[in-house]
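The structure appears right after this line, and notes come after that.
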Amino acid sequence: MIKKLFFAALLFVTALSARGQQPAAVGGGIQQYVPYPIIGYLSYDSVLTSMPQYTLVLQQMIDLRSAFDAEMQRVEDEFNQKYESFLDGQKEFPRTILLKRQTELQELLQRNIDFKHQGQEELRRAEAEAVAPLRTLLTDAIARVAAERQLILVVNTDSNACPFIDPLMGIDITADVLKALEE
């Protein structure tokens with residue numbers, strides 16, 4: 001993390017000395033350097049979640065999660081039913097049947113646990129696959145806006161990663177990126 005901050009600061013200082021100031025004539029021909037924004041910033045997640053396509057992805061994920069939840073409830077009910085049946089008859093079962101039923105319950109429980117883990121993994125994978133094209137669109141829009149504004153760096157302000165950006169050096173590009181996404 002410290003290396004990243006050091007690199008960003010080094011990049012910022014280098015860019016500032018290379019092009020961070022532009023001359024402006026002030027009274028009697030004296031040149032004064034006036035800085036202009038060279039860094040853009042936005043909340044990546046806010047822009048991503050405000051994209052109209054994100055609502056569709058969110059609904060797909062809700063539907064998929066509901067399907068997995070329904071199946072988990074079904075297998076849980078099945079397990080509970082078999083477990084109750086086992087408890088009701090365990091005193092009357094011969095030892096061999098008792099052990100067989102215990103083994104069946106343990107295997108069923110393990111399959112249910114495995115299914116739950118697989119379902120969670122599938123949900124994560126499905127979400128990543130569904131959001132990937134949106135991330136690509138957003139990244140392209142950010143790159144276009146950065147090029148148009150001649151920015152050397154765009155900072156993601158999510159998670160309070162950058163609590164302060166000097167308004168003379170940085171500019172909020174959220175509105176521009178949203179506009180670029182509409183095009």
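Readers should treat all values here as calculations from the given coordinates under stated rules, not as data from a laboratory. On a predicted model such as this, the values are computed, not experimentally measured, just so you know. As a convention, Cβ positions derive from the backbone with ideal geometry for all residues, glycine included, and neighbour counts pool all protein chains shown.
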(message) So in the stretch 77-128, with the set limited to residues that are surrounded by 14 or more Cβ atoms within 10 Å (Cβ to Cβ) and within 32 Å of the chain's Cα centre (by Cα), which one is farthest from Thr49 (Cα to Cα)?
(response) Asn112
(request) Run down Val155, Val131 and say which single residue is outside any helix (DSSP H, G or I) and within 17 Å of the chain's Cα centre (by Cα). (result) Val155
(message) Among the residues of the stretch 121-142, what is the count of those that are in contact (Cβ under 8 Å) with a residue 24 or more places away in the chain and over 30 Å from Ala175 (Cβ atoms)?
(response) 3
(request) Take Phe115 and decide whether it is in contact with a Leu (Cβ under 9 Å, 6 or more places away or on another chain) and either in a helix (DSSP H, G or I) or not β-branched (Val, Ile, Thr) (or both). (result) no
(request) Within the stretch 158-177, track down each residue that is in a loop (DSSP other than H, G, I, E, B), of a type in the set (A, V, I, L, M) and free of Cβ contacts under 8 Å to residues at least 24 places away in the same chain. (result) Ala161
